[in-house]
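The values are calculated or read from the model by the stated rules, or taken from the named source; none is laboratory data. Values in this document were obtained by computation on a predicted structure and should not be read as measured data. Positions of Cβ are generated from backbone atoms using ideal geometry, with glycine treated the same way; all protein chains shown enter the neighbour counts. Each accessible area value is taken on the protein alone, full model and side chains, heavy atoms only, with ligands, DNA and RNA left out. Shrake-Rupley method; radii C 1.70, N 1.55, O 1.52, S 1.80 Å.
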Amino acid sequence: MTIHKNCEGLRRRDCLSLGLGALLGGGLVSALGSRATAAGQSKKPTGCILIWLDGGPSHIEMFDPKPTAPAEVRGEFQPIETKVPGIFFSENMERLAAINDKFTIVRSVCHNQNNHGAGNHYMMTGAPTRIPVSCGAFVSFHPSMGSVVSAERGAPHNLPPYFSLPSITRSGGPNFLGARHAPFVVADDPNSKSFRVRDVTLPQELDDGRSVNRRQIRKKLDQLVRFQDRSAGDPVMGADENYQQAVSLMTSDVALRAFEIDRESESVREAYGRNSLGQRALLARRLVEAGVPFVTINDGGWDHHSNIFPAFKKQGRSLESVVATLIEDLDQRGMLDTTLVIVMGEFGRTPQISTLPGSTTPGRDHWSSAMSILVAGCGTPRGQVVGATDVRGYAAIEKIYGPENLVSSVYLKLGIDPDKIVYNTSGRPAHLVSDPRPIAELM
Amino acid sequence: MFIPRPSIRFAFSLAVAIGVFVSRGAVFAEPAKEGQALHPAGVTFELDIQPLLTRHGCNSGPCHGKSRGQNGFALSLLGFDSDFDFSALVGEGRGRRQFTASPESSLLLRKATGQVPHGGGKRIEVGSPHYELLRQWVESGSPRTPADAPQLVKVVCEPLTQILAPNQSFQLRVFAEYSNGTRRDVTDVAAFQSNDRTYAFPSMDQAGLIVAGPIPGEAAIMARYMNNITVSRVMIPQAGEVPEAAYASLPRLNPVDDLVWKKLKLLGMLPSHPTNDATFHRRAYLRIIGRQPTPDETRAYLADSSTGKREALIDRLLERPEYADFWANKWADLLRPNPYRAGMKAVWNLDAWLRDAFRRNLPYDQFVREIVTAQGSSWRHGAAVVFRDRPDTVEIASSVSQLFLGIRLECAKCHHHPFEVWSQDDFFGFAAFFSRIGHKGQGLSPPISGGEEMIFSTPTGQLNHGRTGTPVSPRTLGGTDVTISPDDDPRVVLAHWMTSPENPHFAKVMASRVWAELMSQGLVDPVDDIRATNPASNEQLLDYLAADFREHKYDIKHLIRRIMTSYVAGLSSVPANRNLSDTRNFSRYYRQRLRAEVLLDAVNDALGTEEEFAAMAPGSRATQVWTYRTSSLFLDTFGRPDANQDPPCERTSDTTTPQILHLMNSPALNQKLSVDSARPAQLAASDLSNEQLVDEIYLWIYCRLPTTSEKQTAVEFLPGKPERRRAVEDLFWVLMNTPEFTFVD
């Protein structure tokens, strides 16, 4: 509890000491915003792949090892050197350690929402829940990053601008931005031979010819009269537009190619790993390549209250291998400069190892005062660590930031002003992010 | 439910817009011709300076008016708290904001004029009349308005109504009236807002200049000065003369028709023709019971030649069992407890209560009384779940006022509503009725569980005013303080006031809801935001419907019958000569996409298939699903509201590209289309000729017979019987993927 307060207290003090800077804040942020927009216009448009580790991954077992802490904090794993001298990761992050000159770890984002429902909401939207919610909650009080990007950016070729694979994250919805900015969920497994993107590619039983034929008959039999004059406000005209968009998406080579993951060479597919997560990361890269600005990969099973060490040997390694491949692949393709990769969950985990009642193996519990976030690409620094936690990994103690700052950074990188005013369904204005200052070190 | 539209957003974007006006030849400092100098003290804070802060957007929501201010300078939103604003300007900022010895160096002036960097940019020109006022005020020592100064009593505008031709404009003038009888022209410092910018909007170049849009219609222009509002109505009639007889000869099946014709006459519009029997038949089914008629029902109706067949149809539908499920489903949208807060059992319990209420046709006043005064276990008494879902006094008060009175009090919790008459005092007085609710049970606070909870009335309990912190007595809106003995439940007193015949709000908001549900478009928009600044498109009609509803003992079925048996409800959606641009006045029927549940049921009914829902008995229909947590990609794609959103997400009737894609390509739907037991396969294997078969398909999907040319086209496409199954499936697919199926017309 004391540590918990500490985190918040420091943040408050941080803000106070920034008081003077805050006076200039607006100007600075808008300058950054306009630069991001300018960058977005002059170069290839930016995109973001968010790998969401649902449950809250342990910072100590990943990017913030604590070798000098007592055994009940340190855990089973040793720190390893990384490519950047002076930076250490936990031993399971071997492949990432070898390429951490390509990305940054932020060790100092923290908040005060210690349950999954609220923590997820805070990290996914940059806003805390307005009322307390429970661990099991899937709540939405504010639009998620993906939905905001969908609304602000859109996507070419009639592609949905916001994908979520294989499911929507708890707070990944559009809230007041409306259903049109909900994520396009692709539940099917791209690792499966019969993989198809639902609704966009035809069901297996249906061949192209039959689908074309159906659309031709439709053209003849669709005889409902339309009121062409716009002042008549005929909603059917809108539906016609949607139909045209749907058909052009179904027949767009660029879009369809993005979905055809088997166009990738065997070696690339192998490099990503022949598992669902690996192939989803590959699909995400293909989508961003085709112009989709935001893809979330929702990867569950990171709530390690027990069995944490065996899990990290397996799950941790398999994740880091996927992330490392993704970053290398983006880099080799020259896409890393325009693609932001974020790997995070709702919070970190308790430094003190615990064995919960009813459990036979040790684990760590929810801990929002400290966490590690991997950030790569889109002009973020390569080979850095931002902020730090104390020697036992309890609390962020340097360059302390909140979820607001992380989300603001993502928006700025994608050319969106986090200080923009948005209106909820009852017309009430609100800022996109209440604290629009980005994590300065990432900018 | 009830079609929210984004138009309301304009209302608030005003806060941003105010600051964009460019002041031209402002004459504010001069008293208007009727008036005299308001106070010998000269330029003072409340009378002269605060209006400027509002006028230039300084205290607007996106700027210093937001609760945490902007860059350390906070004002009350739109200037509702003068003490706060005065101390912010004069007391805070280490005296830099106003500097009597050198007024020009005051931060107030230097920021506003952009002489030092200002996030809000340059708002006022150096040397302009407004600048002069600010300067004089600072120079004279930043005085407050003395207590004996005239008080602002009300704000009026002239003219109150104006008729314009398209693209014409007129000057609206706003006057402030003071307690000493003076009156001054405040047009230059008033803010203007249109409720529908399509038809008329305030010019950005000249304060109070109102410009008509290019098409006939109507708009309400709100003018605000300090915390006072006034409304002027602008009408842009259709060009050309319509002979009186054209209106006199229009049918009047009930008073609804006459009131609609009266309004159309003002706008110089004439209604469309009545729609055909089949379209009306389908419309009535979809609107009253949320399902499509079967081919037999359609054939019987088309064959019926009796004169009263429309009325008989409405009566028949109101007695159908689907009625209760359909309307309870709409109310579940409104009350929709969040299962993560209330627990699943409680959600089910409330849903069951709602369905039962509609099955019994519980009179609406009783329905509301039972909700507002609910007591008992959240596991046994469904209505009590509302209080488990909204345990916070402030939250339940806002919900009750919006749902049952059409009054949005939520804003008034923190600040004076910018477009409303209700103040913070009104809000807390109303909320105090909910300050003596007892909660006992499990999972009341995090971690919230699905446990049981008892709701009861306690003898003690009080609500403190959000700003002053002092205890508040219950007070009805627009009424006086009420004393309630410890033995009585304040909610009973409230419910009595709400449902009494004298209450002007109660019947109106339900009439507004039901009208919008049946007619696609609200008389007021949003349907439960009824206020002078958001007037109904046809006030007399809304008043009539409310009175009629009240006189018929709040019988919901009567209200539906009244609307659906009007001539107006049977009009075609196709515009005629003099109503093309009408989207508000019901000169024609307005199309609307089917609700998610109705569309899914329609798909299954047409295909002769069943949907499998989790936590539902086999054969259940989508309108019977009691929680959004019964997963359905179809329902979510078509906009079923998500009860865990806060504020709960509104149901929309938008069309989206994923909806079209889903209907075209969803594996689940294609599977249904092609299974042996489904209707396409069955019809293909039947003895029907191809001609008969096409009739059947049209009846199942469009609920009408095909025209000759449609039939010809469709039949051409069908091969002989042994090979026709694929083609029949394709025909089903084709018709289901057209708007004639997905829209009510």
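Determine the dipole magnitude for the stretch B:434-573: charges of +1 sit on the beta-carbon of Lys and Arg, -1 on that of Asp and Glu, nothing else is charged, the reference point is the Cα centre, and the result goes in debye to the nearest 20. Working shown, then result.
On the way: 13 positive and 16 negative charges, 13 e Å.
Dipole of the stretch B:434-573, to the nearest 20 debye: 60 debye.
By how many degrees, 0 to 90 and rounded to 10, does the Cα axis of helix B:393-405 deviate from the longest principal axis of chain B?
60 degrees
Which residues of the stretch A:406-443 show a drop of at least 30 Å² in accessible area when all protein chains are present, compared with their chain alone (probe radius 1.4 Å, heavy atoms only, ligands and nucleic acids excluded)?
A:Ile421, A:Tyr423, A:Thr425, A:Ser426, A:Gly427, A:Arg428, A:Pro429, A:His431, A:Ser434
To the nearest 0.05, how large is the calculated FRET efficiency for A:Ala187 and B:Ser179 if R₀ is 56 Å and r is the Cβ-Cβ distance?
On the way: r = 67 Å, r/R0 = 1.20.
Taking R0 as 56 Å, the efficiency between A:Ala187 and B:Ser179 is 0.25.
Dipole of the protein assembly as shown (Lys/Arg Cβ +1, Asp/Glu Cβ -1, origin at the Cα centre): which of B:Ile660, B:Ala602, B:His439 lies farthest to the positive side?
It is B:Ile660.
Could you grab the Rg to Rh ratio for the protein assembly as shown? Cα atoms only, Kirkwood for Rh.
Working: Rg = 31.8 Å, Rh = 32.8 Å.
A ratio of 0.97.
Show me the ranking of peptides A:204-210, A:187-193, B:58-64 by mean Cβ neighbours inside 10 Å, starting with the highest.
Values: A:204-210: 11.7, A:187-193: 15.1, B:58-64: 25.0.
Output ranking for A:204-210, A:187-193, B:58-64: B:58-64, A:187-193, A:204-210.
5 Å is the cut-off here: which amide hydrogens, built 1.01 Å from N in the peptide plane, fall below it relative to A:Ala137, excluding neighbours closer than 5 in sequence?
A:Gly117
Rounded to the nearest 20 Debye, what is the dipole magnitude of chain B about its Cα centre when Lys and Arg each give +1 and Asp and Glu each give -1 at the C-beta? Let's see the in-between values first.
Values: 80 positive and 85 negative charges, 161 e Å.
Dipole of chain B, to the nearest 20 debye: 780 debye.
Work out how much length B:Arg320 to B:Glu716 would gain on full extension: take 0.36 nm times their residue separation and subtract the Cα-Cα distance, in nm to one decimal.
Details: separation 396, 0.36 × 396 = 142.56 nm, distance 3.89 nm.
The span from B:Arg320 to B:Glu716 would gain 138.7 nm if fully extended.
To the nearest whole number, what is the average tally of beta carbon atoms from other chains within 10 Å of the beta carbons of peptide B:664-676? All intermediate terms of the calculation are to be shown ahead of the outcome.
Working: counts 13, 12, 3, 9, 2, 2, 5, 2, 0, 3, 3, 0, 0.
Rounded to a whole number, the mean comes out at 4.
Kindly identify residues of the stretch B:715-742 having a loss of at least 50 Å² in accessible area between the isolated chain and the assembly of all protein chains, probe radius 1.4 Å.
B:Phe717, B:Arg726, B:Asp730, B:Trp733, B:Val734, B:Pro739
Taking the alpha carbon gyration tensor of the stretch B:323-499, what are the square roots of 5 times its eigenvalues, largest first, to the nearest whole Å?
Numbers: eigenvalues 136, 71, 49 Å².
Computed over the stretch B:323-499, the values are 26, 19, 16 Å.
How big is the antiparallel share of DSSP beta bridges in the protein assembly as shown, given as a percent to the nearest 5? Don't jump to the answer; show the numbers that get you there.
Details: 61 of 87 bridges.
Around 70 percent antiparallel, to the nearest 5.
At 7 Å along Cα-to-Cβ for each site, give me the label-to-label distance between B:Asp543 and B:Thr161 in nm.
1.2 nm
Identify all aspartates and glutamates with a Cα-Cα distance to A:Lys314 below 15 Å; exclude those on the same chain that are fewer than 8 residues away in sequence.
Those aspartates and glutamates meeting the cut-off are A:Glu61, A:Glu76, A:Glu91, A:Glu94, A:Asp299, A:Asp303.
Run the numbers on chain B and let me know its relative contact order in percent, using alpha-carbon pairs under 8 Å that are six or more apart. Display every interim value, and only then the final one.
Values: 1343 pairs, mean separation 91.1, N = 745.
Contact order relative to length: 12 percent.
Mind jotting down the distance between the C-alpha centroids of the stretch B:573-608 and the stretch B:461-526, whole Å?
Computed from Cα coordinates, the inter-centre distance equals 34 Å.
Report, in deg cm²/dmol and to the nearest 500, the calculated mean residue ellipticity at 222 nm for chain B, where each DSSP H run with n ≥ 4 adds -39500 (n - 2.57) and the sum is divided by the residue count. Show your work: numbers first, answer last.
On the way: 30 runs with 281 residues, N = 745.
Calculated from helices alone, the mean residue ellipticity at 222 nm is -11000 deg cm²/dmol.
Tell me the carbon and sulfur percent of the accessible area for the protein assembly as shown, rounded to whole percent, probe radius 1.4 Å. Walk me through the numbers on the way to the answer.
Values: 23440 of 44510 Å².
Within the protein assembly as shown, the accessible surface is 53 percent carbon and sulfur.
Place +1 on the Cβ of every Lys and Arg and -1 on the Cβ of every Asp and Glu in the protein assembly as shown, take the dipole about the Cα centre, and give the residue among A:Pro85, B:Thr565, A:Ile373 whose Cα lies farthest towards its positive end.
Result: A:Pro85.
Sorted by average packing, counted as other Cβ atoms within 10 angstrom per residue and highest first, what order do B:283-292, B:196-205 take? Walk me through the intermediate numbers first.
Numbers: B:283-292: 23.5, B:196-205: 18.6.
Packing proxy ranking, top to bottom: B:283-292, B:196-205.
What does the buried accessible surface come to for B and A, summed over both chains, with the probe at 1.4 Å? Round to 100 Å². Before the final figure, lay out each step's value.
Details: alone 30710 and 19710 Å², together 44510 Å².
Buried area between the two chains comes out at roughly 5900 Å².
Which links in A:Lys399/B:Lys66; A:Lys219/B:Lys557; A:Lys220/B:Lys309 stretch past 30 Å when you go from one Cα to the other?
Cα-Cα > 30 Å for A:Lys219/B:Lys557; A:Lys220/B:Lys309; rest within.
Can you give me the long-range amide H partners of B:Ser194? Hydrogens built in the peptide plane at 1.01 Å from N, cutoff under 5 Å, separation of 5 or more residues or another chain.
The answer is B:Met222.
So if R0 is 56 Å, what FRET efficiency would B:Arg94 and A:Lys44 give, r being the distance between their Cβ atoms, rounded to the nearest 0.05?
0.70
Output the antiparallel fraction of DSSP beta bridges having both residues in chain A, as a percent to the nearest 5. Each step should come with its number before you reach the end.
Working: 18 of 40 bridges.
Bridges in chain A are about 45 percent antiparallel.
Using all alpha carbons of chain B, what is the percent of pairwise distances in each 20 Å bin, ordered from the shortest bin to the longest?
Reading the bins upward from 0: 15, 41, 33, 10, 1, 0.
Among A:Phe309, A:Leu406, A:Ser321, which residue has its Cα furthest toward the positive end of the charge dipole of the stretch A:285-443, with +1 on Lys/Arg Cβ and -1 on Asp/Glu Cβ?
A:Phe309
Taking square-rooted eigenvalues a ≥ b ≥ c of the alpha carbon gyration tensor, is the stretch B:39-139 rounded, prolate or oblate, where a/c under 1.5 means rounded and, failing that, a/b exceeding b/c means prolate? Walk me through the numbers before you get to the answer.
Working: a/c = 1.39, a/b = 1.15, b/c = 1.20.
Rounded.
Grab the other residues whose beta carbon is less than 11 angstrom from that of B:Asn276, score K and R as +1, D and E as -1, and report the net.
Numbers: positive: B:Arg282, B:Arg283, B:Arg704; negative: B:Asp277, B:Asp745.
Once positives and negatives cancel, what remains is +1.
Given Cα pairs under 8 Å that are at least 6 residues apart, what percent is the relative contact order of the stretch B:323-499? It would help to have the intermediate numbers written out before the result.
Working: 283 pairs, mean separation 38.3, N = 177.
Dividing the mean separation by the residue count of the stretch B:323-499 yields 22 percent.
What does the charge dipole of chain A about its Cα centre add up to, to the nearest 20 debye, if the Cβ of each Lys and Arg holds +1 and the Cβ of each Asp and Glu holds -1? Don't skip to the answer; put the middle values down first.
On the way: 48 positive and 46 negative charges, 116 e Å.
The calculated dipole for chain A is roughly 560 debye.
Taking the 0 to 90 degree range and rounding to the nearest ten, how far is the long axis of helix B:322-335 tilted relative to the main principal axis of chain B, both from C-alpha atoms?
Computed tilt is about 30 degrees.
Any chance you could run the full-extension gain for B:Arg360 through B:Leu633? It's 0.36 nm times the residue separation minus the Cα-Cα distance, nm to one decimal. Don't skip to the end; give the middle numbers.
Working: separation 273, 0.36 × 273 = 98.28 nm, distance 3.23 nm.
Extra length from B:Arg360 to B:Leu633 when fully extended: 95.1 nm.
What list of ³J(HN,Hα) values in whole Hz, one per residue of the stretch B:655-667 in order, does the Karplus curve 6.51 cos²θ - 1.76 cosθ + 1.60 (θ = phi - 60°) give from phi, with Gly and Pro shown as x?
Per residue, the Karplus-derived 3J(HN,Hα) values read 9, 10, 5, x, 5, 4, 4, 5, 5, 6, 10, 4, x Hz.
So what are the ³J(HN,Hα) numbers for the stretch A:320-334, from phi and the Karplus equation (6.51, -1.76, 1.60; θ = phi - 60°), rounded to whole Hz, Gly and Pro as x?
Running phi through 6.51 cos²θ - 1.76 cosθ + 1.60 with θ = phi - 60° gives 5, 5, 5, 5, 4, 4, 4, 5, 5, 4, 4, 5, 4, 7, x Hz.
What angle, in degrees between 0 and 90 and rounded to the nearest 10, separates the Cα long axis of helix B:708-717 from the longest principal axis of the Cα atoms of chain B?
Helix B:708-717 sits at roughly 70 degrees to that axis.
Taking only protein heavy atoms and a 1.4 Å probe, what accessible area per residue, in Å², does the protein assembly as shown have with all protein chains in place? Don't skip to the answer; put the middle values down first.
On the way: 44510 Å² over 1188 residues.
Heavy-atom accessible area per residue stands at 37 Å².
Counting only the heavy atoms of the protein chains, how much of B:Phe428 is accessible to a 1.4 Å probe, in Å² to the nearest 10?
10 Å²
Under the definition of Cα pairs under 8 Å and six or more residues apart, what whole-number percent is the relative contact order of chain A?
Relative contact order of chain A: 29 percent.
Estimate the FRET efficiency between A:Ser167 and B:Asp205 by the formula 1/(1 + (r/R0)^6), using the beta-carbon distance for r and 60 Å for R0, to the nearest 0.05.
Calculated value: 0.70.
For A:Leu340, which sequence-distant residues (separation of 5 or more, or a different chain) have an amide H within less than 5 Å of its own amide H, given hydrogens modelled in the peptide plane?
A:Gly47, A:Cys48, A:Ile49
Of the residues A:Gln78, A:Gln245, A:Gln228, which exhibits the maximal mean-square fluctuation in a Gaussian network model of chain A defined by a 10 Å Cα contact cut-off?
Comparing A:Gln78, A:Gln245, A:Gln228 in the GNM, the peak value goes to A:Gln228.
Name the shape class, rounded, prolate or oblate, that the alpha-carbon gyration tensor gives for the stretch B:276-320, where a ≥ b ≥ c are the square roots of its eigenvalues, rounded holds for a/c under 1.5, and otherwise prolate holds if a/b is larger than b/c and oblate otherwise. Kindly include the intermediate steps, with their values, before the conclusion.
Details: a/c = 1.64, a/b = 1.22, b/c = 1.34.
Oblate.
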